[in-house]
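Below you'll find the structure, written out as structure tokens, and then a few comments.
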């Protein structure tokens, strides 16, 4: 409920910014109409209170300094406090009784800058909309590729600028207007060919030189269509990759949250040891909430029920981390890797070793019975590698099991 109220206020504040920019012509809030003063103070009070509540919810306050979103929100709230409460006070104290400002234009300049910086508040919308976050992260991932693509466009523009200046020598109209200097030529190519419709420019050049017009068309094909579409493809591919990763992470986090809440509230952890036994494992997978969470991950719940026999072969309960690692191996979208093949070989080899030990002990027992001697006791063996291959335990954990 608290997050929904906060998101609603953020939306209202984003809309109010546009209304304020259009209708409020005062540079300082103290000179604005009462409606704008009341609205800005209410928004500032709400966001300050919201940030304070979030800070108090941290079990250790030092964690707040490690939360980048909290620090970003703190920065926005500080800007809002300066604009809403601090700047009007400075304006009031810097104005003499006659109404003239004694602080010069510095207060007004700072006030105008603060009004522009208020648009940064809308960045908080990204936090409450995963789709916007995917797009932003996609742009960040593609930044390097975009930079080199634009560098390629600039290089192509420079090469063609040299060619246009060379071919336009002797043509007075082109040499003195469009291709007078390198700067003018680059400006003509970028503004006239890449960023706007090119028909008018091509006709203007074609009146004086059809050859240069043809060269201009070649530049448009290379610089505008090829390079710019390449840039679009890079952005689409980057956003697609980030979108896949982010959606997968959101699904995993959702499943973890649902399953952990079931364990922490005692719905799945009947003995309260924060570990999952085989019986608790079976009970968890039969609950509708768990089925929904695991189905969203692409996990076959029926296969997971059979899989529990392998997870708990040694009879020991699993930690939540081992439980989630074992469940995530059953996702249908998982791809087979070399590590999986190696683990399968180890698993198969250890299983055959265990069978060999059992058969060897049985053979010794039969021989002892036939000879009339006391048979040696059979030593049950533990298939450690089976659990390791399925839950990816660390080496220390494997040694402790042995």
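Restricting 188, 157, 149, 177 to those that are closer than 18 Å to residue 219 by Cα, outside the structural domain of residue 21 (by TED's automatic domain parsing), more than 37 Å from the chain's Cα centre (by Cα) and at pLDDT 75 or above reduces the list to 188. Are any of the residues in the stretch 302-312 modelled with pLDDT of 70 or more, part of a loop (DSSP other than H, G, I, E, B) and over 33 Å from the mean Cα position of the chain (by Cα)? Within the stretch 302-312, one or more residues are modelled with pLDDT of 70 or more, part of a loop (DSSP other than H, G, I, E, B) and over 33 Å from the mean Cα position of the chain (by Cα).
Of the candidates 62, 17, the single residue that is assigned to a helix (DSSP H, G or I) and under 22 Å from residue 86 (Cα atoms) is 17. Residues that are more than 26 Å from the chain's Cα centre (by Cα), in contact (Cβ under 8 Å) with a residue 24 or more places away in the chain and part of a helix (DSSP H, G or I) are absent from the stretch 316-337 altogether.
Scanning for something part of a helix (DSSP H, G or I), in contact with a helix residue (DSSP H, G or I) (Cβ under 7 Å, 6 or more places away or on another chain), more than 22 Å from residue 238 (Cβ to Cβ) and in contact (Cβ under 8 Å) with a residue 12 or more places away in the chain, does the stretch 130-143 turn up at least one residue? Give the derivation first.
Step one: of the stretch 130-143, the residues part of a helix (DSSP H, G or I) are 130-141, 143.
Filter once more, keeping what is in contact with a helix residue (DSSP H, G or I) (Cβ under 7 Å, 6 or more places away or on another chain): 130, 132-138, 141.
If we keep only those that are more than 22 Å from residue 238 (Cβ to Cβ) as well, we get none.
The answer is no, given that none of the residues of the stretch 130-143 is part of a helix (DSSP H, G or I), in contact with a helix residue (DSSP H, G or I) (Cβ under 7 Å, 6 or more places away or on another chain), more than 22 Å from residue 238 (Cβ to Cβ) and in contact (Cβ under 8 Å) with a residue 12 or more places away in the chain.
Closer than 30 Å to residue 41 by Cβ and modelled with pLDDT of 80 or more - does that describe any residue in the stretch 127-138? Within the stretch 127-138, not a single residue is closer than 30 Å to residue 41 by Cβ and modelled with pLDDT of 80 or more.
Yes or no, residue by residue, for (1) in the same structural domain as residue 188 (by TED's automatic domain parsing); (2) in contact with a helix residue (DSSP H, G or I) (Cβ under 7 Å, 6 or more places away or on another chain); (3) free of Cβ contacts under 8 Å to residues at least 12 places away in the same chain:
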{"position": "208", "(1), (2), (3)": "yes, yes, no"}
{"position": "213", "(1), (2), (3)": "yes, yes, yes"}
{"position": "216", "(1), (2), (3)": "yes, yes, no"}
{"position": "223", "(1), (2), (3)": "yes, yes, no"}
{"position": "230", "(1), (2), (3)": "yes, yes, no"}
{"position": "236", "(1), (2), (3)": "yes, no, yes"}
{"position": "239", "(1), (2), (3)": "yes, yes, no"}
{"position": "255", "(1), (2), (3)": "no, yes, no"}
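The values are calculated or read from the model by the stated rules, or taken from the named source; none is laboratory data. Keep in mind the model is a prediction, meaning the values are calculated, not measured. As a convention, Cβ positions derive from the backbone with ideal geometry for all residues, glycine included, and neighbour counts pool all protein chains shown.
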